[in-house]
Amino acid sequence: METPAPVNVEPKKSNTGLIIGIVVVVLLCCCCLLIAVGAYVARTQYGNSLSGFDTTFSTPDAGSLSSNGSVPGLNTTTNLPGIPSGGKANDVQRSTAWGYVVVAAATDGCSSSPKADTTTIKVTQDADSSGVWKEEWTVACDDGSKKPYTVTYSPGSGGNTDIKVAAGG
């Protein structure tokens, strides 16, 4: 009896690496899709700016605030470097508001670094009986355009001042 000729059998190739690669790519695509959907929802919820962006901070000597929310005796005409001048707010309030306006401008596509010296502040509503007043801050963007932001100051609890920044004038 003759012995059959040996048959070379190739080992079965494993597709494990390919399958793991496909799973990783699918998971990354899902993550990117979730981030994109989240960004879309956030943009539609809050618009092009942080119009719903509120904050509360303590003013110095909060117990002795005047009716417009400023601290008597605090020099409100000092032009702090990097902070716009003007309006009714004291230096602390204006400095805090400027931080929120910069964030709103950046999310509004205005500028990565708006300039304080080219930003104008105009009081649009004097303090009412409850001490609330509004200012329009006009920020000069890098592309030469200007964008207005409404900054609302209102007395908060415990002598704090609430600041709200909204896009538009």
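The values are calculated or read from the model by the stated rules, or taken from the named source; none is laboratory data. Bear in mind that the values here come from a model prediction, so they are computed numbers and not experimental data. So basically every Cβ, Gly included, is an ideal-geometry build from the backbone, and we count neighbours across all protein chains shown.
At-a-glance table
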| quantity | calculated |
| --- | --- |
| V92 vs. criteria at pLDDT 85 or above, in a helix (DSSP H, G or I) and in the same structural domain as G159 (by TED's automatic domain parsing) | yes |
| Residues of segment 100-139 satisfying the condition of being free of Cβ contacts under 8 Å to residues at least 12 places away in the same chain, of a type in the set (A, V, I, L, M, F, W, C) and part of a strand (DSSP E or B) | none |
| So V101, is it buried (at least 17 other Cβ atoms within 10 Å of the Cβ) and either modelled with pLDDT of 90 or more or among the β-branched types (V, I, T) (or both) | yes |
| Leading residue by the ranking (nearest to V102 (Cα to Cα)) among those in segment 140-155 that are out of contact with any Ser or Thr (no Cβ under 9 Å at 6 or more places or on another chain) and assigned to a strand (DSSP E or B) | V151 |
| Subset tally (residues that are at pLDDT below 85 and surrounded by fewer than 16 Cβ atoms within 10 Å (Cβ to Cβ)) for segment 118-158 | 6 |
| Considering residues of segment 1-51 that are among the hydroxyl-bearing types (S, T, Y) and either under 30 Å from Y100 (Cα atoms) or not in a helix (DSSP H, G or I) (or both) only, the residue modelled with the highest pLDDT | S14 |
